Each structure stands twice: as C-alpha cells, then as structure tokens.
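Visitor: Got a structure here, written out as structure tokens. Questions coming.
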Amino acid sequence: MTKHVCQFSLGIFSLLLTFLSTTVPVGAAPAEAVSKVEFDQWMQDISNWGRWGKDDQKGTLNLITREKTLAAMRLVIEGQTVSMALDLNKKADPLNANPFKHSLQVSTFGGHDVAGDEYSVEYHGFAHSHMDGLPHFIHKGKMYNGYSVDILKETGAEKLGIENAKGGVITRGVLIDMPWLKGVGYLEPGTAITIADLESWEKKTGVTVGSGDVLLIRTGRWVRVREKGQWNFVGSAAGSHASVARWLKERDGAVIGSDGVSDVMPSGAEGLFSPLHELVLVGLGMPILDNLDLDPVAEAASKRNRWTFLFIGAPLRVPGGTGSPLNPLAVF
C-alpha cells in the first residue's frame with residue numbers, strides 16, 4: 001500500500017494510540033467479544049458484492065428507488081425542516097485534532113468591495129458532521145464490490161468516490177432514539193446497542209426499518225457533553241455492536257448514522273477499533289453518517305410522536321473523495 005493511502009490522519013491515530021486501552025466506565029457493560037474469525041465470516045455473510053453488477057459503485061444507495069423517494073416525500077405534512085449537522089468546529093481540542101480552517105478576505109472587483117472565504121477541513125474523525133464514502137475503509141486489500149486498494153491514489157479514488165452519490169440521499173429517515181427507549185438522558189459511554197435493542201425500539205414505536213431507509217441512531221452524546229463536558233470519547237463511546245451489520249443486511253437499509261461514529265468503543269472485536277465501519281462500508285457498500293446532532297430532530301420527533309420523516313442529504317461532488325462534510329435535513 002502506498003504511503004499516501006496509509007496517511008488517514010496523524011491526529012486521529014494519535015488519539016487511537018492514546019486511548020485504545022481505555023476500560024469501559026461504570027454503568028456500561030462491555031461490548032460482547034467478537035473474534036477475528038467471526039468477523040471475517042460476517043463480512044462474507046453480509047456481502048453485497050456483485051448484487052448490483054460487478055461494476056457497481058453506489059452500493060446500498062441503489063435501494064433508494066424513485067418509488068422510495070416519492071413515498072418519503074409524502075411524509076412531509078408541515079414543511080418543518082430540522083438540520084442534523086453540527087457547526088463546523090474551528091477550535092482544536094482533544095477530539096478535534098483537525099479544526100475547520102476559515103479565512104475571510106475583502107478585495108475589490110469590478111469597482112465593488114466584495115468579501116470571500118477560503119475553507120479547509122480534514123473532516124474524518126470525531127468532531128465534524130460528515131458522510132463516509134465507500135473508499136474510506138479497506139478489508140484485506142479490497143473495498144466494496146471487490147475493488148482493489150490500488151485504485152486509491154493521491155489525487156483521489158479512481159472508483160467508488162463520493163461523486164457517485166451526486167444525486168443526493170432523498171428517502172425516509174428513521175430516528176431510533178435509544179435514550180428515549182431506555183428512559184435516560186443519554187447512554188453511558190461504552191454502552192453497546194444490540195439487535196435486540198433495535199427491535200425493542202421497533203416494537204415500542206410500531207415502526208419497522210425497511211429497504212432504502214436512512215437509519216439514525218441517537219445515543220445522547222451531546223446531552224452528556226452539555227451536562228458533564230467532553231470526555232475520552234475515543235476510549236469509551238456508546239454505539240452499535242458490530243453484529244448490527246447483519247441486521248442492516250436483513251433490513252436492507254441504505255445509510256446508517258449516529259451522533260457518535262456508529263461503532264461502540266471499545267468495540268469488543270479482536271484487534272479492530274471500528275468493526276462496524278469496516279463491515280458496513282466494505283461488505284454492504286453502505287455509507288455512514290458520523291458526528292450528527294440528533295438532539296433537535298429527537299425533540300421534533302418526540303413532540304409529534306413521529307419517528308419517520310423525509311431525509312435529505314447531499315455530499316459535495318468531489319471526484320474520488322472518500323467522503324464529504326454534510327448538512328443532512330429532516331423534513332416533517
């Protein structure tokens with residue numbers, strides 16, 4: 001693998017090296033252990049490789065059909081729109097090793113005084129709301145649909161780039177609010193969300209996750225930040241267990257997202273920090289939404305006792321990009 005492929009983010013790797021040995025805090029049971037053999041078997045069991053043709057680059061976005069989009073649009077009753085993105089974070093802190101860079105310039109153009117901006121962001125990580133595209137994770141030298149790691153170049157991915165989502169993600173959004181389900185303000189760091197939890201939420205709400213849905217799992221991360229301040233999130237975070245990938249395959253969801261990074265940390269998977277990421281991106285060909293702000297949409301959903309809505313998300317059209325910053329919207 002070439003050097004530039006390995007350089008995911010020095011700041012993120014520093015966080016991992018610092019926190020990988022962190023133990024789960026009191027109040028959260030550790031995630032169930034997953035062996036490397038079991039993980040590799042799951043990768044085979046859930047595989048969507050070849051499902052939409054040997055040259056497919058869209059993965060589970062293929063499940064968002066015109067019919068699915070039209071049905072989602074019929075969910076709009078009030079026209080109330082809620083953003084699910086954080087403000088881009090310009091301040092460095094232990095979880096934001098790569099703050100958003102913004103400079104403003106005033107210049108003269110055609111007799112006018114005009115203001116303009118320059119933006120720069122390394123968005124992968126734990127601070128910025130973003131979409132992970134399919135080239136973001138690699139399994140044994142391969143990415144989704146069997147594409148080789150050799151397609152990753154310094155100028156971008158030759159296949160699977162985020163530009164394949166140029167039509168946007170317009171479908172039914174489903175908010176699974178785990179703190180609401182469990183009657184708490186937030187899930188304790190290290191709490192693993194299981195298939196049983198997801199099905200308990202379905203039973204309580206009467207909503208069944210289906211083909212082409214965007215599944216948004218709230219842990220209450222930002223409530224805890226407001227009440228107790230930032231903590232060692234990389235070492236211990238509530239999130240979904242790796243086995244949830246099998247459920248996502250069964251339900252045929254299109255996208256998964258969270259107010260964290262979807263994976264529970266510590267993951268419980270042998271030698272792997274983000275096993276759900278690898279299973280979902282590589283095996284299913286499913287984009288992931290990280291670091292969302294799901295509190296406003298949770299408030300809107302609870303007020304209406306309504307957990308589904310029109311979801312709209314449009315990543316930047318960056319040829320060969322591994323993902324994109326994103327401002328996803330819920331429309332009620």
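Visitor: Arrange the residues Trp222, Trp180 by how much accessible surface each exposes, largest first, with a 1.4 angstrom probe.
Guide: Trp180, Trp222
Visitor: So, one more: According to a simple spin-label model (label point 7 Å from Cα along Cα-to-Cβ), what is the distance in nm between Asp113 and Ser200?
Guide: Roughly 6.1 nm, to one decimal.
Visitor: Return the Cα extents of segment 93-143 along principal axes one, two and three, sorted largest first, each rounded to a whole Å.
Guide: 58, 27, 15
Visitor: Any idea how far the Cα center of segment 48-65 sits from the one of segment 191-206, in Å?
Guide: Cα centres, segment 48-65 to segment 191-206: 27 Å.
Visitor: So, one more: Solvent-accessible area of Leu70, probe 1.4 Å, all protein chains present, reported in Å² to the nearest ten, please.
Guide: Looks like 100 Å² after rounding.
Visitor: How large is the dipole of segment 249-332 about the Cα centre if only Lys and Arg carry +1 and Asp and Glu carry -1, each at its Cβ, rounded to the nearest 20 debye?
Guide: Details: 6 positive and 10 negative charges, 86 e Å.
Dipole magnitude for segment 249-332 comes out near 420 debye.
Visitor: Also, quick follow-up: Build a GNM of the chain with springs between Cα atoms under 10 Å: which of Gln44, Gln230, Gln105 gets the top mean-square fluctuation?
Guide: Highest fluctuation of the listed residues: Gln105.
Visitor: Quick one: ranking His130, His124 by accessible area, 1.4 Å probe, largest first, what do you get?
Guide: His124, His130
Visitor: Can I ask one more? Got a number for the accessible area of Glu202? Probe 1.4 Å, square angstrom, nearest 10.
Guide: Result for Glu202: roughly 20 Å² accessible.
Visitor: Continuing with the same structure: Convex hull volume of the Cα atoms in the chain, per residue, in Å³?
Guide: 157
Visitor: Let me ask something else. With charges set only on the Cβ (+1 for Lys and Arg, -1 for Asp and Glu), what does the dipole of segment 115-261 come to about its Cα centre, in debye to the nearest 20? Walk me through the intermediate numbers first.
Guide: Working: 17 positive and 18 negative charges, 99 e Å.
About 480 debye.
Visitor: Give the relative contact order (percent, whole number) for segment 55-130; include only Cα pairs under 8 Å separated by 6+ residues.
Guide: On the way: 64 pairs, mean separation 18.2, N = 76.
With pairs under 8 Å counted, the relative contact order is 24 percent.
Visitor: Using the Cα centre as the reference, give the magnitude of the dipole from point charges on the C-beta atoms of the chain (Lys, Arg: +1; Asp, Glu: -1; all else neutral), rounded to the nearest 20 debye.
Guide: Dipole about the Cα centre, nearest 20: 460 debye.
Visitor: Could you work out which residue, out of Asp113, Asp40, Asp132, moves most in a Gaussian network model of the chain, that is, has the largest mean-square fluctuation with Cα springs under 10 Å?
Guide: Its mean-square fluctuation being the largest, the pick is Asp113.
Visitor: Sticking with this structure for a sec: Write down the accessible area per residue of segment 247-332 in Å², having rolled a 1.4 Å probe over the full set of protein chains.
Guide: Per-residue value: 27 Å².
Visitor: Let me ask something additional. With every protein chain present, what accessible area does Lys153 have (1.4 Å probe, heavy atoms only), rounded to the nearest 10 Å²?
Guide: Per-residue accessible area (Lys153): approximately 90 Å².
Visitor: Mind checking which aspartates and glutamates have their Cα closer than 18 Å to the Cα of Lys36? Skip sequence neighbours fewer than 8 apart in that chain.
Guide: Partners within reach: Asp45, Asp263, Glu270, Glu278.
Visitor: While we're looking at this one, here's another question. Please compute the contact order of the chain in relative form: average sequence separation of alpha-carbon pairs under 8 Å and at least six residues apart, divided by the residue count, as a percent. Let's see the in-between values first.
Guide: Values: 741 pairs, mean separation 102.4, N = 332.
Relative CO of the chain lands at 31 percent.
The values are calculated or read from the model by the stated rules, or taken from the named source; none is laboratory data. Nothing here was measured: the structure is a model prediction, and the numbers come from that model. Cβ atoms come from the backbone with ideal geometry, glycine included; neighbour counts cover every protein chain shown. Heavy atoms of the whole protein, side chains included, go into the accessibility calculation; ligands, DNA and RNA do not. Shrake-Rupley method; radii C 1.70, N 1.55, O 1.52, S 1.80 Å.
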